[in-house]
Amino acid sequence: MKLYEISNMSFFHFTILALMVFRLTRFFIFDEIFAPVRDFVWDRFPPETRLLGYLFTCVWCMSGWIALAATIFYVVFPSITLFLGCIFSLSAIAGLIAARLDV
C-alpha cells in the first residue's frame, strides 16, 4: 500500500477531491434520495437543539467533515478515492451544467 503525501498532491487530484466534496455535501444536505436518512437523524437529533441534526442543515459544517474524510481516504487509499472521486466529480459537473442551462 502506498500512502500519498498531501504536500505532493497534484492540482488535478485536488480538483477531483474538491468536486467530490461538493457533490457529496449536496447529496447529504439537499438530495431527495437522502431525505429518509436526514429525517431519521432529525427525528432523533433535532437541528435546533443537537449538533448532529444541525450538521445535516449546514453546508459549511458538512463539507468540512466530508473534506476531512476525503483527505484521509486519499492518503490511505489513493486509487479507490480517486476512482470514486471521478464518479462524484463528473456528477457534480453534470449538475452544475444542468443548473446553468436551467434544465
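The values are calculated or read from the model by the stated rules, or taken from the named source; none is laboratory data. As the structure is a prediction and not an experimental result, all values here were calculated from the model. Cβ: placed from backbone, ideal geometry, glycine included. Neighbour counts: every protein chain shown. Side chains included, ligands, DNA and RNA excluded: accessible areas come from the protein's heavy atoms. Shrake-Rupley method; radii C 1.70, N 1.55, O 1.52, S 1.80 Å.
Assess whether residue 83 counts as being modelled with pLDDT of 95 or more, over 12 Å from the mean Cα position of the chain (by Cα) and of a type in the set (Phe, Trp, Tyr).
Values: modelled with pLDDT of 95 or more: yes; over 12 Å from the mean Cα position of the chain (by Cα): yes; of a type in the set (Phe, Trp, Tyr): yes.
So residue 83 passes the test.
Of the residues that make up the stretch 17-27, is at least one in contact with a Cys (Cβ under 8 Å, 6 or more places away or on another chain) and surrounded by 11 or more Cβ atoms within 10 Å (Cβ to Cβ)? Even if it seems obvious, please write down each step before you answer.
Here is the first cut: in the stretch 17-27, the residues in contact with a Cys (Cβ under 8 Å, 6 or more places away or on another chain) are none.
Within the stretch 17-27, none of the residues are in contact with a Cys (Cβ under 8 Å, 6 or more places away or on another chain) and surrounded by 11 or more Cβ atoms within 10 Å (Cβ to Cβ).
Yes/no matrix, rows are residues, columns are (1) within 30 Å of residue 5 (Cβ to Cβ); (2) open to solvent by 40 Å² or more (accessible area, probe 1.4 Å):
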| site | (1), (2) |
| --- | --- |
| 41 | no, no |
| 53 | no, no |
| 77 | yes, yes |
| 94 | no, yes |
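Quick grid of which residues meet (1) within 28 Å of residue 81 (Cβ to Cβ); (2) in contact (Cβ under 8 Å) with a residue 60 or more places away in the chain:
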residue	(1), (2)
15	yes, yes
19	yes, yes
22	yes, yes
34	yes, no
43	no, no
48	no, no
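For residue 34, which of the numbered conditions (1) surrounded by 13 or more Cβ atoms within 10 Å (Cβ to Cβ); (2) within 30 Å of residue 5 (Cα to Cα) fails to hold?
(2)
Among the residues of the stretch 88-97, is there at least one that is hydrophobic (A, V, I, L, M, F, W, C), in contact (Cβ under 8 Å) with a residue 40 or more places away in the chain, touching a helix residue (DSSP H, G or I) at 6+ places or on another chain (Cβ under 6 Å) and assigned to a helix (DSSP H, G or I)? Full working, then the answer.
Of the stretch 88-97, the ones hydrophobic (A, V, I, L, M, F, W, C) are 88, 90, 92-94, 96-97.
This time we only want the ones that are in contact (Cβ under 8 Å) with a residue 40 or more places away in the chain, so: 88, 92-93.
Those left that are additionally touching a helix residue (DSSP H, G or I) at 6+ places or on another chain (Cβ under 6 Å): 88, 92.
Those left that are additionally assigned to a helix (DSSP H, G or I): 88, 92.
Checked against the condition, which is being hydrophobic (A, V, I, L, M, F, W, C), in contact (Cβ under 8 Å) with a residue 40 or more places away in the chain, touching a helix residue (DSSP H, G or I) at 6+ places or on another chain (Cβ under 6 Å) and assigned to a helix (DSSP H, G or I), the stretch 88-97 yields at least one hit.
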